Amino acid sequence: MKTYLGLVSTLAATIFLTACGSSSSSSNNAASDPNTQVPEVTEPDATDPEIIEPVVGEPCGDQLQLLFPLSYSATLANSITVRGSSDCDTIDGITINGITATSSDDYANWQAQIALQPGPNTIAASIQEGEESHSLILGAVESNELFNSPEEMALTSDGSTLFIVDSSRRHIVKMNMATGQRSIVSSTDYPNQNLYFGNLGGLALNEAEGLLYIGSKYVDHVDAGTKAWVLTVDIESGERSVLVDPFSADYTPLIGVPNELVFDATNKKLYASEQGEIYSIELDESATVGEQTLISSSSVPDSVNPLSTNGNLSLELDSINQRLLVLDDGNSSSAESQLLSVDLNPGNLGARTVISDATSNGASWDRPSSLVQVDSDYVYITDMRSSDLDDIDIIKIELSNGYRSIVHNGSIGAGKQLLSTSSMIFDSTNQQLLISNIKSNGLFSLSLSDYQQSMIAYNLNPEIAGLDNLDDLKRSALDIENQKLYYQVEDKDISVLDLKTLEHQAFSTVVSDEYAYSAIDSMNFDSVSNAIVVTGEFDENAHVRSYAIVDGSETIISDDTIGTGDDLNEIWDWVRLNDTTAIIADDTTSPTQYYELDMTTGNRVLIAVDYSGMPSNLEAEDIALSADKNTLYIVDDSSNAGLYALDLTSKTFTTITDSTLPIDGNDLRLNDPESLELSSDGLYAYVGENSAAYLIKVNLATGAREGFMGDVITTTNSWAERINGISVDTESQVLYTTDTSTDAIMMMDEVTNEWVMIAE
């Protein structure tokens, strides 16, 4: 299968050179990977997606810096504004991918908007100095619809088009298998806003009629509880219509959100599985379209070889033999897991026969799922090992005798270990399995000829980005001088991402798992001590700790045993006030108390503030200090949700904006603000709001709000779902966000408001 996604790992050492030299030579070094053709480049081609290597040479090119985007990143957009700087005073002109860059200061700062093709795009600069012209590769950017939680899939019979359900973003993506180009077919508010859908499950393709069938718990913002809608989706227009309405009076709704949907063209039915039961859904217009019938369960049509109660059922239609193949995970019990045949013939409808179970010969299974039939003799399943719930075995099962054999895992078959698979389907055209994976937000293939595993679709090429396991991202801190972003992972750990090389590594573990949840409530880079300062609470002890940048060594600055002053409960945040003193916000009482903290002794002195006119229970979720050190800004995520300012001279509060409707009339209400940072110019505050699905920018003078990093089609479940960390590079005028829902690190340009993904 041909895809655009075959970037080679050798490119990592080249595209990350945000400041590399150039020469007037027109030839390039050959790529070290013999399987990759690197074109000769004299003038950058804006339409060429191939990544080319830089040429080494002249000193002025060394001073051309890329500010936005990062040297390797991904975007939803089909164009991007490339922005950079230079200390070279002899530059007469710059073009980026053939587009003339604009500048108002003799190219000390410059920018150019370039078109992007689907897939990888080189960012190539041509620098004019007098009669000399020099070429320089600044980086590369992937352009495509980004995956968040790819799960259920459906493939056209010719293998040309793949449909993928992205459950978190509540939409269906279409992917061209030859080019890798992705686009949204249907989403919550697109193309028809009257049929919002969410909590998606099950996908089936009716190719002849150009329809997809999908299960949804929410339609038109209505929760049907344990019942569910089944919708039809036009694969060309994306228009949705209701097939099964749980509130219809025409029949009694039976099914909840289906685990799987299977289309039966011969019998004009859908088959749906959910919680240990299998239903048929009528599609024949001569009957009652949408009518549901329970055809098999633990007691229907009888109790012989019963389906497990509340078990997850994976379905495959064996139309030749008029049966369903059913993988029953036994409600996550390996002892009760079984592969069965369910009869579809009218005279014996729903009758079950065991094909493979705990007593069968061959490989054992722990948590089987994702059943796929490839021919009349074999099926394949995924099995999540109980010893390591991330590791996946691909198991082949003989239908004649139920014998099981492992064909791929970390030590069997070619390619990397598969992790946390979501769904698996068969690509008969290319004789391969297609596997979706939420953990990596990507799609994999597994060749049935040699069981070679390959990644076929991703947001960021893992061989270049080198990032994985960014689970539960929360707070972040930026070392501007060294261009390193520190970020919190899984509550207790701190990792670091080098923004120049894109290498990432573990930095420090703050506490053990026992106290992980509240151990890190805030994280800041401290230029005075050249350390990461962390606040939080564990073992009923509030703390301020620092971790030296040079070696990660820990220093306890203040806790109940170090320093004088009030015993503290949980320190929400810390900001540096001057060379010797910081301000901390403590959640010991309501409202939040503020202390001056001596960074040498750990002594804490209460700041007596005036709460007149403010809510009596005002709480500080996150704080930020103005550049002049006169004003402390606070976001409250409680019943007083809003942004507030504390004048450190008068010790009085003012409300900048709160949970009421913003004065500019938009819908960006503050309900649960989680994070706060000030803009480079100090005129705005960036707020990560858990319920708005935006990064909210607040005008500090007027309270007016703007939303950024939303979706290009729908404003629901965007790439700014739950921003817990915001870090601003005041020198480059860019910011970085960490999101605990999308598990992604984003970069946004303050100048253009464009954003890219840099890690996930």
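Numerical summary
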item	result
In segment 566-587, the residues that are part of a loop (DSSP other than H, G, I, E, B) and modelled with pLDDT of 95 or more	L577, N578, D579, T580
Some residue of segment 699-721 being out of contact with any strand residue (DSSP E or B) (no Cβ under 7 Å at 6 or more places or on another chain), of a type in the set (S, T, N, Q) and at pLDDT 90 or above	yes
From the options L618, L597, L670, L643, residue that is buried (at least 18 other Cβ atoms within 10 Å of the Cβ), over 19 Å from V533 (Cβ atoms) and either basic (K, R) or at pLDDT 95 or above (or both)	L643
Only listed residue being in a strand (DSSP E or B) and modelled with pLDDT under 95, chosen from L136, L203	L136
Whichever residue in segment 723-750 is farther than 15 Å from E677 by Cβ and out of contact with any strand residue (DSSP E or B) (no Cβ under 6 Å at 6 or more places or on another chain) and, among such residues, is surrounded by the most Cβ atoms within 10 Å (Cβ to Cβ)	T742
Residues being under 30 Å from A178 (Cβ atoms), modelled with pLDDT of 90 or more and small (G, A, S) - total across segment 457-493	1
Unmet criterion (only one of (1) at pLDDT below 95; (2) farther than 18 Å from N310 by Cβ; (3) not basic (K, R)) for T353	(1)
Residue count for segment 278-293, restricted to those that are closer than 15 Å to P246 by Cβ and either in a strand (DSSP E or B) or modelled with pLDDT of 95 or more (or both)	3
Residue count, segment 178-215 (criterion: small (G, A, S) and under 20 Å from D264 (Cα atoms))	6
Leading residue by the ranking (surrounded by the fewest Cβ atoms within 10 Å (Cβ to Cβ)) among those in segment 116-131 that are more than 14 Å from S73 (Cα to Cα) and among the small types (G, A, S)	G130
Residue match in segment 680-696 (condition: modelled with pLDDT of 95 or more, surrounded by fewer than 19 Cβ atoms within 10 Å (Cβ to Cβ), of a type in the set (D, E, K, R) and assigned to a loop (DSSP other than H, G, I, E, B))	yes
Residue in segment 133-150 that is surrounded by the fewest Cβ atoms within 10 Å (Cβ to Cβ), counting only those that are more than 17 Å from the chain's Cα centre (by Cα) and among the small types (G, A, S)	S133
Of residues in segment 324-347 being more than 13 Å from L399 (Cα to Cα) and free of Cβ contacts under 8 Å to residues at least 24 places away in the same chain, the one nearest to the chain's Cα centre (by Cα)	G330
Those residues of segment 296-314 which are among the hydrophobic types (A, V, I, L, M, F, W, C), surrounded by 15 or more Cβ atoms within 10 Å (Cβ to Cβ) and part of a loop (DSSP other than H, G, I, E, B), in sequence order	V300, L307
Matching residues in segment 337-364 - criterion: being surrounded by fewer than 17 Cβ atoms within 10 Å (Cβ to Cβ) and either over 18 Å from I406 (Cα atoms) or charged (D, E, K, R) (or both)	N345, P346, G347, N348, L349, T353, V354
Condition met for A265 (surrounded by fewer than 14 Cβ atoms within 10 Å (Cβ to Cβ), among the hydrophobic types (A, V, I, L, M, F, W, C) and at pLDDT 95 or above)	yes
Selection count, segment 522-570, where residues are in contact with a helix residue (DSSP H, G or I) (Cβ under 7 Å, 6 or more places away or on another chain) and not small (G, A, S)	4
Looking only at segment 426-475, and only at residues there that are surrounded by fewer than 22 Cβ atoms within 10 Å (Cβ to Cβ) and aromatic (F, W, Y), the one that is farthest from S168 (Cα to Cα)	Y451
Qualifying positions in segment 49-83 - among the small types (G, A, S) and modelled with pLDDT of 55 or more	G61, S71, S73, A74, A77, S79
Qualifying position, being farther than 25 Å from D637 by Cβ and under 16 Å from the mean Cα position of the chain (by Cα), among I758, I723	I758
Odd one out for I663 among (1) modelled with pLDDT under 95; (2) more than 20 Å from I723 (Cβ to Cβ); (3) in contact with an Asp or Glu (Cβ under 6 Å, 6 or more places away or on another chain); (4) of a type in the set (V, I, T)	(3)
Residue within segment 409-422 that is assigned to a strand (DSSP E or B), touching a residue at least 60 places away in the same chain (Cβ under 8 Å) and within 31 Å of the chain's Cα centre (by Cα) present	yes
Per-region count, segment 114-133, residues small (G, A, S) and not in a strand (DSSP E or B)	1
Single condition A208 does not satisfy, out of (1) within 21 Å of M175 (Cα to Cα); (2) buried (at least 18 other Cβ atoms within 10 Å of the Cβ)	(2)
So L146, is it part of a strand (DSSP E or B) and touching a residue at least 24 places away in the same chain (Cβ under 8 Å)	no
Criterion: more than 19 Å from N345 (Cα to Cα) and surrounded by 13 or more Cβ atoms within 10 Å (Cβ to Cβ) - qualifying residue of D250, D318, D245	D245
All positions within segment 86-113 that are part of a strand (DSSP E or B), without any contact (Cβ under 8 Å) to a residue 60 or more places away in the chain and surrounded by fewer than 22 Cβ atoms within 10 Å (Cβ to Cβ)	G93, T95, I99, T100, T102, N109, A112, Q113
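The values are calculated or read from the model by the stated rules, or taken from the named source; none is laboratory data. All values derive from a computational prediction rather than experimental measurement. As a convention, Cβ positions derive from the backbone with ideal geometry for all residues, glycine included, and neighbour counts pool all protein chains shown.
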